[in-house]
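Working notes, beginning with the structure itself.
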Amino acid sequence: MSAPTRPEARRPRRRAPLWTPGGIPAPGQLLEWRDGRHFDRWQDLPSVLCEQPTPMRSHYGEPVHKICAEEWISANPKQSRLGRFASDTQPKRPRATDDHA
């Protein structure tokens, strides 16, 4: 018989993002959440930060207001580098080949 594993011996798993997050803004800067996947049009859930209902979702699926996430980044600059809240990946713009002069 194998010994049962103790819960305190297990590492908590970090959930994988539902889609690829981009960069983490510096404290005081705004998150760029333009992707429609941040908005759940079917259900408002309590925010993980302020507990008020919100249709917004982070890249990890956490319900959170964008402004609350920006304030959390400003209040927790070291923890924010772990990527809990991040901006969307911005596609590179093609270089203009013609001169608009």
Practice problem: Working only within the range 28-45, note down all residues that are out of contact with any strand residue (DSSP E or B) (no Cβ under 6 Å at 6 or more places or on another chain), at pLDDT 90 or above and over 15 Å from D88 (Cα atoms). | Solution: R41, W42, Q43
Quiz item: Quick one: in the range 52-101, which of the residues that are modelled with pLDDT of 95 or more and part of a loop (DSSP other than H, G, I, E, B) is farthest from R15 (Cα to Cα)?
Solution: Q52
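The values are calculated or read from the model by the stated rules, or taken from the named source; none is laboratory data. All of these numbers come straight from a predicted model, not from anything done at the bench. With ideal geometry, Cβ positions are generated from the backbone for all residues, glycine too; neighbour counts draw on all protein chains shown.
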